[in-house]
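As structure tokens, the structure follows; a few thoughts come after it.
Taken together, the values in this text are just the output of simple stated rules run on the coordinates, not laboratory data. Only a predicted model underlies this, so the values are computations on that prediction, with no experimental measurement involved. Cβ: placed from backbone, ideal geometry, glycine included. Neighbour counts: every protein chain shown.
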Amino acid sequence: MKSVVYVSTVRHPFDSVDLEQLVEEAARRNAEDGITGLLAYNGESFMQLLEGQEEAVEERLDVIRGDSRHECMVIIRKQAIEKRECEAWSMTARTVPLREEGSAAKLFRDWPETFSNETRMLFTSFSSMLQPQMA
Ligand SMILES: Cc1cc2nc3c(=O)[nH]c(=O)nc-3n(C[C@H](O)[C@H](O)[C@H](O)COP(=O)(O)O)c2cc1C
């Protein structure tokens, strides 16, 4: 199996309904394809974890990369795995407020124990992004 984490930049900000719709459809398709994962959104960027059979993940990743709702996809980690990190989630979304202290804690309230330390670190970093202080 394969696990991929990427970040991308949203083209037009999503509201909670947009995000809900995206994830509902994604979860339905992912369930058919045996893909599981997590999508975090902070108002400007996405970080997504996708895991499943290599072919299914690569194919879906190509489709997602071409989705005009976001751009500048950067793969942060791609690795072979033996076990899934979030077996229970066909896709679930977490919105974290950008530029707010304590965002990471919000994201991890119901974090599965199966998430590796590295994955936690990646999503913690993402959700801790703060606006640089203006001089
Ligand atoms: C940030 C982001 C994450 C997405 N994640 C998924 C996903 O996990 N699974 C999925 O099927 N579609 C996901 N999509 C939607 C796909 O880009 C695409 O619209 C969808 O797979 C339908 O493609 P198809 O009609 O060619 O099968 C995502 C889109 C965006 C913008």
Quiz prompt | Residue among S90, S125, S68 with the largest mean-square fluctuation in a Gaussian network model of the chain, springs linking Cα atoms under 10 Å | solution = S68
Exercise. Using only C-alpha atoms and all pairs of different ones, pull out the Kirkwood radius for the chain in Å with one decimal.
Key: 15.1 Å
Quiz item: Going by how many other beta carbons lie within 10 Å of each one, how would you line up R60, R77, fewest first?
Solution: R77, R60
Quiz item: Using alpha-carbon pairs under 8 Å, 6+ residues apart, how would you state the relative contact order of the range 2-124 in percent?
Solution: 37 percent
Quiz item: Just how large is the dipole of the chain about the Cα centre, in debye to the nearest 20, putting +1 at every Lys and Arg Cβ and -1 at every Asp and Glu Cβ?
Solution: 360 debye
Self-check item: Cα long-axis angle, helix 54-65 against the chain (0 to 90 degrees, to the nearest 10)
Solution: 40 degrees
Quiz item: Angle, helix 16-33 long axis vs. longest principal axis of the chain, Cα atoms, 0 to 90°, nearest 10?
Solution: 20 degrees
